[in-house]
Each structure stands twice: as structure tokens, then as C-alpha cells.
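Step one of this worksheet: look at the structure below.
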Amino acid sequence: MNILETHHITKYFLEPVKFQVLKDISFSVQKGEFLSMIGKSGSGKSTLLYVLSTMDTDYEGKLTIDGEMVTGKSLDDLAILRNHKIGFVFQFHYLLPEFSCLKNVMIPALKLGKYSQKEIEEQAYQRLDTLGLRDQALKPASKLSGGQQQRVAIARALINNPLIIMCDEPTGNLDSKNSAIVFEIFKELTSSLGQTIIAVTHDEDFARNSDRIIEMRDGVL
Amino acid sequence: MNINNDIGTTYLITNKKMTLVAILGITLGMSIYIFMNCMVVGFDKTSNDSIFKNTAHIRVFRDDVVSRPLAPDITKKAVIINPKVVPASNTIINPDEVVSLAKKHPDVVNVTPQVTTTMFYNIGKTQVPGIATGILPNEADQMFNIRSTIVEGSFEKLQSNLNAIAIGSGVAEKLSLAIDDNINISSPKGVSKNMKIVAIFKTNNSIVDKSKSYINLSTAQQLLRENNTYVTDINVNVKDPENCDQISKDLKVLTGYSSESWKQANETMVAGFRMRRIVITFISYTILIVAGFGIYNILNMTVSQKINDISILKAIGFRGKDVVRIFLTQAMSIGLMGVVSGCILAVILITLLKKVYIGGDIGYFPIDYELTKFLQGIGVGLIISFFAGYLPARKAAQVDPVSIFRR
């Protein structure tokens, strides 16, 4: 079953000069797949990830997620869709520094509003536990090390049980030990929980061990 | 608590210094706004009070009539005319009927007839010109609160003694008169009467104090050699003096006589009040708006600082309106806290100023706690906070997360 499909996605950058970043990209991702996108910088892989993430809506072509046509939806609808179905892990972990780790993990679920505060707290603790961060839960996010922050970000991406987790350089600024931990977590997620992962990476080890590799070169697959 | 409000509050708490400065701005703006507006109300009240000691809200009188030619159509024939004021007496012919008509008007509170005449105070060969106002003492007291101006003697005795007179303090000083002294007054119609001084009043308006005196209505009628239906003015007080112009027009139609509201009679002063009100309103709004800029600035800074957070929130599914709510929560919390502390500060300021003695006929500083002004201030303060927060919030909502992540 295809969880995500693209049909002829084309995108231009208009600044500073008109430049075609994505050239007629069509591919599909299956449920439970661990997909790595590699490519040189400037090849358009991050751009493609942002298009797939529904945050970038300025493209031509069609994108479907979970059998639902995403192209042409309003920004608000897309936000709700992201909240429900997509989890994000970014290169620079991007936690909210004023909040505790626990709160950071809880925020997407609180936004979703499906469970009570208490249940959400429970779930957040569970996620942090899986990632070995239970004892750090109440510390402010800014007090944690890079690897720990990255794991908190993963916990946050997981809280709403998204269909797809999208990662932009998830191990980009982690040492090899932390990279390995993160990779193990991802592997675990796809095999046991059936979640789909799309990761943009430079890390060749990381890519080699994933289920499938897509290489971008000058805007084509 | 909603997650949007939760995030907004957290930003407020983690940024205590900026929050405090913004709250302080609104507090000062609010308190000055309320304070100045209460002051205007106080000023207006004192000014009106001093006017209403001598002037009724509406005066119904018979205006002089200019003679008209008897020829029905003066356009076609050559007619020599010489229009003049008709030398008719300017009495109101049916005062009782006018009084009862006026009393029937729903907004009218008080109606009392009055006869005013110029006259002389005579002591030996000295003659001091003055004005005698013939009144029904009890009714007139209700209207002008004459009793509050009495400094010596008792106003009640005017009611019981037709030959009693209440004179201004200036007159008493000039003629060295005291209570229970007798004084001779003479009218332009040549009537002269010996009066007994029962009261001396002081309005702090020296022109009034140096010329005016109160006598009984019937005595004034006698001074003018008129019968007991002779009345020159009918004074009318209404519920809301600000609303007197319309009622004045109604009375004119109702009675058929001319009528003049206190606003028309004191046009210059009323214009002065209006100017004062405009200036103070303008200043107080400006101060409040400047405080609003404080909120705007601080939120703008927060938005710039938190642009990463905003992108992250948008990525994990916060809609534009959620982001707006996060920042509006901050603005409105600052606004609300500022408004509350502003009200408290205003109460303190007013309480202090109320105790300041000014002197003259004003006495203590004319300011009071005006509920409407407090409510108005709260409303305006919150509206300004809202807009000061909404503009940066909208900017935050329009942040494009992709462009931030790309950096």
C-alpha cells in the first residue's frame, strides 16, 4: 500500500534567478518503508522533503498522502493534516527552549486534543522512556545535550502516532554513537510499529542501512 | 488550558522583564487616562454648579416684540414703516398655566416663577444700584441651592416675612450692613420699601455678590406696581442639564413663550468647557495609545526572537490562527494586567488629589471616582492591547516555516 505518492512534481526557485530545482519527480513510498534520500547539497533533496512535508505548497504536480489528495488544500487544512499524520525531526533539533522536554513532547498531542492532559502526559513519558530520557523529562529543553535533544525531538515526532516521519539530516550534527542510537530507533519504529520514515541525509552509513535509497541529482531521481 | 494560551503564557513568564515593562506602560497609560477623564467630569461639575447657582437650566420668558405694520401685504404698496419694540409689559400672562404645562414635561424636575428688577439700595443719600430677584423662597432654594451660599442669618426667614431681604456679601460690605439691619430699596417705578436683612449670601462671584438680593415674589411685584400674576421669568430645571436644548425647544412650543437654555445663556463658557474636554480627551488617548505601542514593540521583538519556535509550531500542525492566538494571549494578558493595575493606580491618584485643598468656591480638588470613566478606560485599554497584539501576531502567523528551516 502506498502511503505517499508524487506525480510529476516540478518546482522552481525564482530568486535570485529562475531555476528549476525539482524536475518532474514521480515516486511512491510504501507503508512501513524506511527511505533515505541522498544527494549532493543543492541537488534538491531538502526541497523535495519540504514539498512532501506539505509545508511548501509552491510547486507543480500532485502529492497524495494516505490516499488523500494534498495538493490544493488550504494552509489550515494542511496544518491539521501535519498534526495528525506527519512527524518531523530536523537537523538542528528545534525544540522550544522555554519548555521542559516533557512539554515539548506533549505539544503536538495537546494541539491534536484527542486525549486528556493526563493521558498525553502518560504517553509522553512512555515515548521518553523508550528513548531512554525519562529522567530528563522535566529539565528545560535547552539544558540537554545535542543527542538528547535530538531524541526528544524524535519523541515529539512520535507522540501522535504519525503515518510518516520526515527527517532532515536527523544525524547531521550528532557524533557516531548518537547517530547509531537514532538509527536504531528508526529501524525499530519501521519494523515493529509499521511507521514510514523518509529521511534526507548525508550520512552514508545511515543511508546504506535503510530499506531503500533514493538519490537526487540536479533535481531528478 | 488550551495549548495556544499555554504557550503564550510561558513566553510571558520566561520573558519577565519585557512583560513587566509592557504592563507598566499600560498601567501608566490607563491610570492617566482614567484620572484625567475623572478630572474633566469634576471640572465640568464644579463649573456647572457655579453656573446653576444663578442660572436655571431653562428660562421661559416673554421676549420683546417688534411692531409690525398693519397693512397685510407690504410688498405691493408703498408703506412707510418704523419697526420698534412694542412698549408692552414683558409679563407672562398666564404664569400658573405655564408652570403646570412645564411640570407635565417628563424631563422637567423643578419649575418656579421669578420677577427680576433693577433697583437701588438707599442708605441716607448713598444709592447703590442692584438687582432684586423676587422668588418663592422654598422653590427657588430647591432649584439654585441658595441655602448653601448663605454665610450669615437664615434663609428660612425670607419665607415668613414679606419685608425680608437676603443680600449679597458685597452689598453688605459696601453699605456696612448686618443681619437685622433695615435698608430702603427703591424701584425704577418709584416704589420705595423698607426691608429687613435676614440673610447674607456669598457666591464667590463678586459681580453677583455686589449687586444681587433675594426678596419675596410678591414684594417684587409690588416694587413694580404689578398685580400678583406678574412674572417675568419661569425657571425650569431638568433631569439632565446636558440635554436641555431639546427640552427648551419643547417648552417653547408648549408654552408659546421664548425659552433659553443655560447653554445658550452661557455660550462662551460652554465653548470653553468643550475645548477643555477636547484637549484632555486628546491627551489621555495619546498616552494610552503610546502605551499600546509598548505592547506592539515588545510583541514584535518576541515574534522576531521566536521565529524558529513559530516555524516549528507550524510544522507540527499549528494553524495560522493558533499562532495568532499564542501572541494575542500574550498581548491580552499584558493588557489585562495593565488595565487592572492601571485602575488601582487611578484610584490611588484620585484619592490623593481629592484631599488637596484648592480654595475659592471650589474647595477641595474637584475630582471623583467616575464609574463610567473607569469602564470606558478598561474598554479602550483592552481594545488598544488587542490591536497592538494583533498586528505582530498576524506577522507571526504569516511566517513561512520552510524559509526559516532553510537558513
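The values are calculated or read from the model by the stated rules, or taken from the named source; none is laboratory data. None of these values were measured; they are calculated from a predicted model. Ideal geometry is used to build each Cβ from the backbone, glycine not excepted, and the neighbour counts take in all protein chains shown.
Looking only at segment A:25-70, how many residues end up being hydrophobic (A, V, I, L, M, F, W, C), under 24 Å from B:Ile310 (Cα atoms) and touching a strand residue (DSSP E or B) at 6+ places or on another chain (Cβ under 8 Å)?
Within segment A:25-70, residues that are hydrophobic (A, V, I, L, M, F, W, C), under 24 Å from B:Ile310 (Cα atoms) and touching a strand residue (DSSP E or B) at 6+ places or on another chain (Cβ under 8 Å) number 5.
Here are the criteria: (1) surrounded by fewer than 21 Cβ atoms within 10 Å (Cβ to Cβ); (2) in a helix (DSSP H, G or I); (3) away from chain A (no Cβ under 14 Å). Tell me which single one B:Thr75 does not satisfy.
(2)
Name the residue, out of B:Ile183, B:Ile150, B:Ile197, B:Ile146, that is under 34 Å from the mean Cα position of the chain (by Cα) and within 16 Å of B:Ala132 (Cα to Cα).
Numbers: B:Ile183 fails: under 34 Å from the mean Cα position of the chain (by Cα); B:Ile150 fails: within 16 Å of B:Ala132 (Cα to Cα); B:Ile197 fails: under 34 Å from the mean Cα position of the chain (by Cα).
After applying the criteria, what remains is B:Ile146.
Can you tell me which residues in segment A:84-96 are facing chain B (nearest Cβ under 8 Å) and surrounded by fewer than 20 Cβ atoms within 10 Å (Cβ to Cβ)?
A:His84 - this is the single residue of segment A:84-96 that is facing chain B (nearest Cβ under 8 Å) and surrounded by fewer than 20 Cβ atoms within 10 Å (Cβ to Cβ).
Given the criterion away from every other protein chain (no Cβ under 14 Å) and free of Cβ contacts under 8 Å to residues at least 40 places away in the same chain, identify the matching residue among B:Val270, B:Val290, B:Val236, B:Val303.
Working: B:Val290 fails: free of Cβ contacts under 8 Å to residues at least 40 places away in the same chain; B:Val236 fails: free of Cβ contacts under 8 Å to residues at least 40 places away in the same chain; B:Val303 fails: free of Cβ contacts under 8 Å to residues at least 40 places away in the same chain.
Answer to the check: B:Val270.
Being crowded, with 17+ Cβ neighbours inside 10 Å, more than 22 Å from A:Gln195 (Cβ to Cβ) and within 9 Å of another protein chain (Cβ to nearest Cβ) is the filter here; which residues of segment A:97-121 pass it?
Those that are crowded, with 17+ Cβ neighbours inside 10 Å, more than 22 Å from A:Gln195 (Cβ to Cβ) and within 9 Å of another protein chain (Cβ to nearest Cβ): A:Glu98, A:Phe99, A:Lys103.
Counting only residues that are touching a residue at least 12 places away in the same chain (Cβ under 8 Å) and of a type in the set (Asp, Glu), how many does segment B:164-184 have?
Of segment B:164-184, the ones touching a residue at least 12 places away in the same chain (Cβ under 8 Å) are B:164-172, B:174-175, B:177-184.
Next cut, of a type in the set (Asp, Glu) only: B:180-181.
So the answer is 2.
For segment B:155-206, what are the residues that are polar (S, T, N, Q), surrounded by 19 or more Cβ atoms within 10 Å (Cβ to Cβ) and closer than 20 Å to B:Thr126 by Cβ? If you could, list the steps in order and put the result at the bottom.
At the first step, the residues of segment B:155-206 found to be polar (S, T, N, Q) are B:159-161, B:163, B:169, B:176, B:182, B:184, B:186-187, B:192, B:194, B:203-206.
From what's left, surrounded by 19 or more Cβ atoms within 10 Å (Cβ to Cβ): B:169, B:203.
Of everything in segment B:155-206, just one residue is polar (S, T, N, Q), surrounded by 19 or more Cβ atoms within 10 Å (Cβ to Cβ) and closer than 20 Å to B:Thr126 by Cβ, namely B:Ser169.
Out of segment A:51-83, which residues are assigned to a helix (DSSP H, G or I) and either touching a Lys or Arg at 6+ places or on another chain (Cβ under 8 Å) or surrounded by fewer than 16 Cβ atoms within 10 Å (Cβ to Cβ) (or both)? Please lay out each step first, then the result.
First, the residues of segment A:51-83 that are assigned to a helix (DSSP H, G or I): A:51-52, A:75-83.
A:Val51, A:Leu75, A:Asp76, A:Asp77, A:Ala79, A:Ile80, A:Leu81, A:Asn83, listed by residue number.
Only one residue in A:Ala137, A:Ala153 is more than 13 Å from the chain's Cα centre (by Cα) and either without any contact (Cβ under 8 Å) to a residue 24 or more places away in the chain or under 26 Å from A:His84 (Cβ atoms) (or both), so which one is that? Even if it seems obvious, please write down each step before you answer.
Details: A:Ala153 fails: more than 13 Å from the chain's Cα centre (by Cα).
Within the list A:Ala137, A:Ala153, the selection yields A:Ala137.
Tell me, yes or no, whether segment A:162-177 has at least one residue that is assigned to a helix (DSSP H, G or I) and modelled with pLDDT under 80.
Initial filter on segment A:162-177 (assigned to a helix (DSSP H, G or I)): A:176-177.
Cutting the leftovers down to modelled with pLDDT under 80 gives us A:176-177.
Checked segment A:162-177: at least one residue is assigned to a helix (DSSP H, G or I) and modelled with pLDDT under 80.
Which one is farthest from the other protein chains (Cβ to nearest Cβ), of the residues in segment B:12-24 that are surrounded by fewer than 23 Cβ atoms within 10 Å (Cβ to Cβ) and touching a residue at least 12 places away in the same chain (Cβ under 8 Å)? Explain how you work it out, then say what you get.
So in segment B:12-24, the residues surrounded by fewer than 23 Cβ atoms within 10 Å (Cβ to Cβ) come out as B:12-21, B:24.
Remaining after also requiring touching a residue at least 12 places away in the same chain (Cβ under 8 Å): B:12, B:15, B:18-19, B:21, B:24.
Details: B:Leu12: 10, B:Asn15: 9, B:Met18: 13, B:Thr19: 13, B:Val21: 19, B:Leu24: 22 Å.
By that ranking, first place goes to B:Leu24.
For the structure I just gave you, tell me whether B:Ile334 is closer than 23 Å to B:Leu375 by Cβ, crowded, with 24+ Cβ neighbours inside 10 Å and more than 14 Å from every other protein chain (Cβ to nearest Cβ). Before the answer, list the steps.
Working: closer than 23 Å to B:Leu375 by Cβ: yes; crowded, with 24+ Cβ neighbours inside 10 Å: yes; more than 14 Å from every other protein chain (Cβ to nearest Cβ): yes.
It is true that B:Ile334 is closer than 23 Å to B:Leu375 by Cβ, crowded, with 24+ Cβ neighbours inside 10 Å and more than 14 Å from every other protein chain (Cβ to nearest Cβ).
Checking the conditions here, which among B:Asn122, B:Asn90, B:Asn161, B:Asn82 is within 24 Å of B:Glu226 (Cα to Cα), of a type outside the set (Asp, Glu) and without any contact (Cβ under 8 Å) to a residue 60 or more places away in the chain? If you could, list the steps in order and put the result at the bottom.
Working: B:Asn122 fails: without any contact (Cβ under 8 Å) to a residue 60 or more places away in the chain; B:Asn90 fails: without any contact (Cβ under 8 Å) to a residue 60 or more places away in the chain; B:Asn82 fails: within 24 Å of B:Glu226 (Cα to Cα).
The match here is B:Asn161.
Do you know which residues across segment B:239-251 are in contact (Cβ under 8 Å) with a residue 12 or more places away in the chain and either surrounded by fewer than 23 Cβ atoms within 10 Å (Cβ to Cβ) or not β-branched (Val, Ile, Thr) (or both)?
Going residue by residue through segment B:239-251, those that are in contact (Cβ under 8 Å) with a residue 12 or more places away in the chain are B:239-241, B:243-245, B:247-248, B:250-251.
Once the filter is applied, which keeps residues that are in contact (Cβ under 8 Å) with a residue 12 or more places away in the chain and either surrounded by fewer than 23 Cβ atoms within 10 Å (Cβ to Cβ) or not β-branched (Val, Ile, Thr) (or both), segment B:239-251 yields B:Lys239, B:Asp240, B:Pro241, B:Asn243, B:Cys244, B:Asp245, B:Ser248, B:Asp250, B:Leu251.
Conditions: (1) in a helix (DSSP H, G or I); (2) more than 28 Å from the chain's Cα centre (by Cα); (3) charged (D, E, K, R); (4) surrounded by fewer than 16 Cβ atoms within 10 Å (Cβ to Cβ). B:Asp64 meets all but one. Number of the miss?
(1)
Starting from residues that are without any contact (Cβ under 8 Å) to a residue 60 or more places away in the chain and of a type outside the set (D, E, K, R), keep the ones in segment A:51-66 and report whichever is nearest to the other protein chains (Cβ to nearest Cβ). Step through it out loud before you land on a result.
Within segment A:51-66, the subset without any contact (Cβ under 8 Å) to a residue 60 or more places away in the chain is A:51, A:54-63.
Subsequent filtering for residues that are of a type outside the set (D, E, K, R) retains A:51, A:54-55, A:57, A:59, A:61, A:63.
Numbers: A:Val51: 9, A:Thr54: 10, A:Met55: 5, A:Thr57: 9, A:Tyr59: 11, A:Gly61: 17, A:Leu63: 15 Å.
Out of the qualifying residues, it is A:Met55.
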